[in-house]
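First the structure, in the form of structure tokens, and then the observations on it.
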Amino acid sequence: MVRYDKKSVITLSVNGALQDVVVRPSDLLLDVLREQLALTGAKPGCKNGDCGACTVMVDGWPIKACLMLAVEAEGHEILTVEGLGGATAVQTAFVVANAFQCGYCTSGFLMVCQALLTQHPQMPEEHVVEEWLQANLCRCTSYQEIRNAVMLMYEAQS
Amino acid sequence: MIPFEFTYCRPDSLQEAAQAYEQLQREGKSTLYYGGGSEIITMCRGGSLQPGAVIDLKAIPECTQFHLDEEHLHIGAACTLNQIKESKVFPLLGLACGRIADHTNQCRITLGGNLCGTILYRETSLPLLLSDAMVTLMGPKGERRLSFKRVFLGSMQLHDGEWIVAVHIPRWALSAKYAHIKHTTNEKIDYPLVSVAALWKGDHLRAAFSGVVSYPLHSEAIDAVLNDHAIPCQTRAEQVIRLLPEAPQQDVEGSRAYRSFLLTNTLTTLLEEWEHGSI
């Protein structure tokens, strides 16, 4: 059994590399990624699991990093927007489709779309795309452009 | 950031979890079982909850099981709503899971967390109330298995230190006719004004509701009225309102009168579709 009572060193697998971090059991994954690993792509928005700006992937699924303890992430594969590298199909599609305005929500949307592509390598039905995207908010309301980017992402794959 | 510390335990077996609970009690720590953590983290950050320790159940195989045998579908309490939905094995439960929170949160929220949380709607309870489901509970005093509806009386009636290990759904329910209707005030992702789950055992309709009164409700008296084909559909639906054990809820989401109207209309439509053979 694992037990943590106070600040401890744990090892996280982030973007394919093992990283030692010092965490309290109550530290959130979002804060540890940003403050200890300088991975500031995951954004603090509502910090309440509503906006999706802090979305990362854990074992291939989208997760809101504000609602996960860092200690829970031990033994799991974490992928942040930095781990995408810059030239993936989803990132290219967002640029081509102008799927952002201020950009604050973009990294969260990118990770949801990357997870969608991971779980559904073929273009899923419309309602599935809608369901996945509904987990994130864009205050600039670039929703139509984001939908277009998802289409382009899948077109690039085919 | 959660502005205080707590102890985090992640046991690998049911026995370890029970022992961890007893140990933490001896240490004087208020202890919570932890599934997906969405509600616990939110409440801790907001200051309405300050546990001394949490016991994460996700490394216990019995709590993450998902398998079908000759008699039952067994779903561990630490299975996520998304896992249940994507499996498509119990469609009615899948629909209920798919209308709780958003998709990303469904990848974290667990069945046990939804059933034991403080949010009163507990919509995953509806298919379990209708399907003769059993539930396995574990605690420092050992394991017990009993009918879900015996232990879920609007909320889980657990002994001190107990948690849900798994639910067991009989096979008939997996292939039974079903319907799921959820009405919210504005957005698709929201708490229910009225949520209706329906499951037919043979030709007998069972219906359960969330959002209508202050707890998830299944009533055999209501089922009896719904199945009385001698009465017109709308009259049956109106009689259901009179059979509710308390007045419909009234809050910022919707007034008492509006909830009554919505439930009556929803049930009328459901009954008409059933009678016309479109369900």
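The listed residues B:242, A:139, B:206, B:144, once ranked by accessible area (1.4 Å probe) with the largest placed first, stand as A:139, B:242, B:144, B:206.
Could you please put B:160, B:102 in sequence from largest to smallest accessible area, using a 1.4 Å probe? Walk me through the intermediate numbers first.
Details: B:160 125, B:102 10 Å².
If we order B:160, B:102 from most to least accessible, we get B:160, B:102.
Put A:154, A:143 in order of accessible area, highest first, and with a 1.4 Å probe you get A:143, A:154. Under the classification rounded if a/c is under 1.5, otherwise prolate if a/b is larger than b/c and oblate if not, where does the range B:1-115 fall, given a ≥ b ≥ c as square roots of the Cα gyration tensor eigenvalues? Because a/c hits 1.5 or more and a/b fails to exceed b/c, the range B:1-115 counts as oblate. Find the percent of Cα-Cα distances in the protein assembly as shown that exceed 28 Å, and round it to a whole number. Tail fraction, whole percent: 53. Every Cα-Cα pair in the range B:7-56 was counted, and those over 17 Å apart are 32% of them.
Radius of gyration (Cα atoms) of the range B:61-173, expressed as a multiple of 2.2 N^0.38 Å: 0.97. What the Cα atoms of the range A:1-101 give is an Rg and a Dmax of 14.3, 49 Å.
Carbon-plus-sulfur accessible fraction, chain B (probe radius 1.4 Å, protein heavy atoms only): 51%.
Using R0 = 60 Å, the C-beta based FRET efficiency linking residue B:230 and residue A:151 works out to 0.65. Does chain B come out rounded, prolate or oblate by the C-alpha gyration tensor, with a ≥ b ≥ c the root eigenvalues, rounded set by a/c under 1.5 and, if not, prolate when a/b is larger than b/c and oblate if not? Here chain B falls in the prolate category. Note on residue A:118: accessible area is roughly 70 Å² with a 1.4 Å probe, heavy atoms of protein only. For chain B, the longest principal axis of the alpha carbon atoms and the long axis of helix B:14-26 meet at an angle near 70°.
If you fit an axis through the alpha-carbon atoms of helix B:233-243 and take the longest principal axis of the Cα set of chain B, what angle between them do you get, 0 to 90°, nearest 10? In chain B, helix B:233-243 runs at an angle near 50 degrees to the longest axis.
The angle separating the long axis of helix B:256-275 from the principal Cα axis of greatest extent in chain B is about 70 degrees.
Only helices at least 18 Å long along their axis, Cα-based, and averaging -1.0 or more on Kyte-Doolittle count here, so list those DSSP H runs from chain A.
Span-like helices, by this rule, are A:106-119, A:143-157.
Placing a label point 7 Å from the Cα of residue A:74 along the Cα-to-Cβ line, the residues of the range B:1-33 whose backbone N sits under 15 Å from it are B:6-13. With coordinates expressed along the principal axes, the C-alpha atoms belonging to the range A:84-157 extend over 30, 26, 17 Å, beginning with the largest.
Using equal-weight Cα scatterers in the Debye expression, the normalised intensity of the range B:176-275 in log10 at q = 0.25 Å⁻¹ is -1.48. In this calculation the C-beta distance from residue B:273 to residue B:1 is compared with R0 = 35 Å, giving a FRET efficiency of 0.10. The alpha-carbon of residue B:182 sits under 13 angstrom from the alpha-carbons of these aspartates and glutamates, leaving out residues fewer than 8 places away in its chain: B:123, B:190. In the context of the full protein assembly, residue B:251 retains an accessible surface of approximately 60 Å², using a probe radius of 1.4 Å and ignoring ligands and nucleic acids. In plain terms, the chain from residue B:119 to residue B:265 could stretch by 50.0 nm, reckoned as 0.36 nm per residue minus the Cα-Cα distance. In straight-distance terms, cross-link reach from residue B:58 covers every one of the lysines whose alpha-carbon lies under 18 Å from its own, apart from those fewer than eight places away in the same chain; here that gives A:64. The sum of -39500 (n - 2.57) across all DSSP H runs of n ≥ 4, divided by the residue count of chain B, sets its helix-only mean residue ellipticity at 222 nm to -10000 deg cm²/dmol.
Note that the range A:1-116 presents 38 Å² accessible area per residue, ligands and nucleic acids not counted, probe 1.4 Å. On the basis of the beta-carbon distance and an R0 of 22 Å, residue B:66 and residue B:145 show a calculated FRET efficiency of 0.80.
One Cα centroid belongs to the range B:17-41, the other to the range B:150-206; the line between them spans 26 Å.
Placing +1 on each Lys and Arg Cβ and -1 on each Asp and Glu Cβ, with no other charges, gives the protein assembly as shown a dipole about its Cα centre of roughly 600 debye.
Taking the protein heavy atoms of the range A:1-156 in the context of the full set of protein chains, the accessible area attributed to carbon and sulfur is 51 percent at 1.4 Å. The heavy atoms of residue B:146 present about 20 square angstrom of accessible area, all protein chains included, probe 1.4 Å. Report the paramagnetic label zone for residue A:18: residues of the range A:68-111 whose backbone N is under 20 Å from a point 7 Å from Cα along the Cα-to-Cβ axis. Residues passing the 20 Å test: A:70-80.
The values are calculated or read from the model by the stated rules, or taken from the named source; none is laboratory data. All figures in this text were calculated on a predicted structure; none of them were measured in a lab. Ideal geometry is used to build each Cβ from the backbone, glycine not excepted, and the neighbour counts take in all protein chains shown. Just the protein is used for accessible areas: all its heavy atoms, side chains included, with ligands, DNA and RNA removed. Shrake-Rupley method; radii C 1.70, N 1.55, O 1.52, S 1.80 Å.
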